[in-house]
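Accompanying notes for the structure given below.
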């Protein structure tokens, strides 16, 4: 049974997916996550660079977006035999307004990666107005896959393209054709909206967690969905086998359904295995490192067998943690050293089989001479530690701690849960200045909204501290 929990009230939005009662997927977003993957923008080509065959595009965000000539409609429509050698300015005229979609979110000093070849994603289909091909999920059995390819291809016109998702195998051709027509209409509406918009900036955001939810809804024909936003819950494309529950109490959704203990597991460094072994997960600026540790007692057993058993369990757990924590980029796994080549091969194959189930593309490389395996997982957005932690220096070097805006998220939830548990009109808070500044919002907008919604007055006592801190210590 799949259970979806979508908390949209408060500064930080949260999505938790439980499978048979266990947390398998966790994502967060902030209220101003407009530039998330999949959002549509009206942009203006700011500067064109022949050396990288790309342009930087002004999209109304802090950083300009990056758009290559290969990701433009003009390039896709061109039938010139040597179009790869043509200057990018022919496809990306400086100053031109252009409809773009975010492929990869802004990160660090880099702006968002954009495409002019926009897509409209549905539950079972992804519509590509200029795709020119029909791709069907390899997870669908061969006979069904070819039948779907033939049917869907016959519905396409001109340069249209479609990606047929795994979920399509469980739907009728009539339903799929209706979905395709609906996606076409959405694209036409998007074009009209783009023509009417005069300024660069966000044209149409993708609803928070939309792609994540589409993925999980497609994994099962039945399940349960909980949210504290009735309108969002209503628009979710859930099948008849799904139930919807609207949470409208004062306490947060995660508190109501006791999800905090499960949520904490996402941030734990050490994860225990069923045989007493463990894996330790460390994030660095360059990569994520996973260290596999053997079970405590192996004296009376065949050591090689014990090491293989632990490594096999670790391979399965690593694949789960990649999905749960949304780890991306380079990952190095330091398995327990095994002498047997066949043991190494079994562990490697287990890891490959497990990551096949991942929603993102994962490339696994063979064992190296040190007994380590490297893999890469597609990056589309910053990882949680990059958005929730900050690096700081101390006497013995550097460390990581909760950032001020992450502390503000925690403060927000603590205040709302406190108000829900105790009837009060006044709340006093000790808090550091950075956390409070992140909490109150621009022009104190969020502070005013929470005081209005909950009929309370918040009284901050600002303290000068180096690290983020808060304490709700008196209710008057």
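Test each condition in (1) on the phi < 0 side of the Ramachandran plot; (2) at pLDDT below 90 for residue 441 and report the one that comes out false.
(1)
Can we say residue 209 is touching a residue at least 24 places away in the same chain (Cβ under 8 Å) and on the phi > 0 side of the Ramachandran plot? Step through it out loud before you land on a result.
Working: touching a residue at least 24 places away in the same chain (Cβ under 8 Å): yes; on the phi > 0 side of the Ramachandran plot: yes.
So residue 209 fits the description; yes.
Going by what's in this entry, would residue 190 be described as within 21 Å of residue 131 (Cα to Cα), surrounded by fewer than 17 Cβ atoms within 10 Å (Cβ to Cβ) and more than 23 Å from the chain's Cα centre (by Cα)? Can you show your working first?
Working: within 21 Å of residue 131 (Cα to Cα): yes; surrounded by fewer than 17 Cβ atoms within 10 Å (Cβ to Cβ): no; more than 23 Å from the chain's Cα centre (by Cα): yes.
Criteria not met by residue 190.
Can you tell which of 352, 381, 357 is buried (at least 20 other Cβ atoms within 10 Å of the Cβ) and not in a strand (DSSP E or B)?
On the way: 352 fails: buried (at least 20 other Cβ atoms within 10 Å of the Cβ); 357 fails: buried (at least 20 other Cβ atoms within 10 Å of the Cβ).
Exactly one residue qualifies, and that residue is 381.
So is residue 152 assigned by TED's automatic domain parsing to the domain that holds residue 96, at pLDDT 90 or above and not in a helix (DSSP H, G or I) or not?
Values: assigned by TED's automatic domain parsing to the domain that holds residue 96: yes; at pLDDT 90 or above: yes; not in a helix (DSSP H, G or I): no.
In short, no.
Could you tell me whether segment 278-288 includes any residue that is out of contact with any strand residue (DSSP E or B) (no Cβ under 6 Å at 6 or more places or on another chain), without any contact (Cβ under 8 Å) to a residue 12 or more places away in the chain and outside any strand (DSSP E or B)?
yes
Restricting to segment 94-133, what's the tally of residues that are touching a strand residue (DSSP E or B) at 6+ places or on another chain (Cβ under 6 Å) and assigned to a strand (DSSP E or B)?
Counting residues in segment 94-133 that are touching a strand residue (DSSP E or B) at 6+ places or on another chain (Cβ under 6 Å) and assigned to a strand (DSSP E or B) gives 14.
Of all residues in segment 138-175 being surrounded by 17 or more Cβ atoms within 10 Å (Cβ to Cβ) and out of contact with any strand residue (DSSP E or B) (no Cβ under 6 Å at 6 or more places or on another chain), which is farthest from residue 239 (Cα to Cα)?
The qualifying residue farthest from residue 239 (Cα to Cα) is 160.
Count, please, the residues in segment 171-204 that happen to be more than 30 Å from residue 222 (Cβ to Cβ) and touching a residue at least 24 places away in the same chain (Cβ under 8 Å).
Of all residues in segment 171-204, those more than 30 Å from residue 222 (Cβ to Cβ) come to 187-204.
With the extra rule that they be touching a residue at least 24 places away in the same chain (Cβ under 8 Å), the set shrinks to 187, 190-191, 194, 197, 199-204.
Going through segment 171-204 one residue at a time, the tally reaches 11.
Answer with yes or no whether residue 413 is under 15 Å from residue 469 (Cα atoms) and assigned to a strand (DSSP E or B).
The answer is no for residue 413.
For segment 338-381, enumerate the residues that are within 16 Å of residue 320 (Cβ to Cβ) and without any contact (Cβ under 8 Å) to a residue 40 or more places away in the chain.
Result: 347, 350, 351, 352, 353, 354, 355, 356, 357, 358, 360, 364.
When you scan segment 427-447, do you find a residue that is in contact with a helix residue (DSSP H, G or I) (Cβ under 7 Å, 6 or more places away or on another chain), under 30 Å from residue 334 (Cα atoms) and part of a loop (DSSP other than H, G, I, E, B), even just one? Give the steps one after another, and end with the answer.
Going through segment 427-447, the residues in contact with a helix residue (DSSP H, G or I) (Cβ under 7 Å, 6 or more places away or on another chain) turn out to be 427, 431, 434-435, 438-441, 446-447.
Among the residues that remain, those that are also under 30 Å from residue 334 (Cα atoms) are: none.
Looking through segment 427-447, none of the residues is in contact with a helix residue (DSSP H, G or I) (Cβ under 7 Å, 6 or more places away or on another chain), under 30 Å from residue 334 (Cα atoms) and part of a loop (DSSP other than H, G, I, E, B).
Return the residues of segment 412-449 that are touching a strand residue (DSSP E or B) at 6+ places or on another chain (Cβ under 6 Å) and loosely packed, with under 13 Cβ neighbours inside 10 Å; say none if nothing qualifies.
Those that are touching a strand residue (DSSP E or B) at 6+ places or on another chain (Cβ under 6 Å) and loosely packed, with under 13 Cβ neighbours inside 10 Å: 422, 426.
One line per residue, one yes/no per condition, for (1) without any contact (Cβ under 8 Å) to a residue 60 or more places away in the chain; (2) outside any loop (DSSP other than H, G, I, E, B); (3) over 30 Å from residue 196 (Cβ atoms); (4) outside the structural domain of residue 439 (by TED's automatic domain parsing):
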site: 6; (1), (2), (3), (4): no, yes, yes, yes
site: 46; (1), (2), (3), (4): yes, yes, no, yes
site: 62; (1), (2), (3), (4): yes, no, no, yes
site: 70; (1), (2), (3), (4): yes, yes, no, yes
site: 84; (1), (2), (3), (4): yes, yes, yes, yes
site: 92; (1), (2), (3), (4): yes, no, no, yes
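Could you list, in sequence order, all residues of segment 238-266 that are over 19 Å from the mean Cα position of the chain (by Cα), touching a residue at least 12 places away in the same chain (Cβ under 8 Å) and over 29 Å from residue 456 (Cβ atoms)?
Matches in segment 238-266: 238, 239, 241, 242, 243, 244.
Select from segment 213-230 the residues that are modelled with pLDDT of 90 or more, touching a helix residue (DSSP H, G or I) at 6+ places or on another chain (Cβ under 9 Å) and outside any strand (DSSP E or B) and list them in ascending order. Spell out the reasoning first.
The first filter runs over segment 213-230 and keeps only residues modelled with pLDDT of 90 or more, leaving 223-230.
Still in the list and also touching a helix residue (DSSP H, G or I) at 6+ places or on another chain (Cβ under 9 Å): 223, 225-228.
If the condition is that a residue be modelled with pLDDT of 90 or more, touching a helix residue (DSSP H, G or I) at 6+ places or on another chain (Cβ under 9 Å) and outside any strand (DSSP E or B), then 228 is the only one that fits.
The values are calculated or read from the model by the stated rules, or taken from the named source; none is laboratory data. What you see is a predicted model; the values in this text were computed from it and never measured. Backbone-built Cβ (ideal geometry, glycine too); neighbour counts: all protein chains shown.
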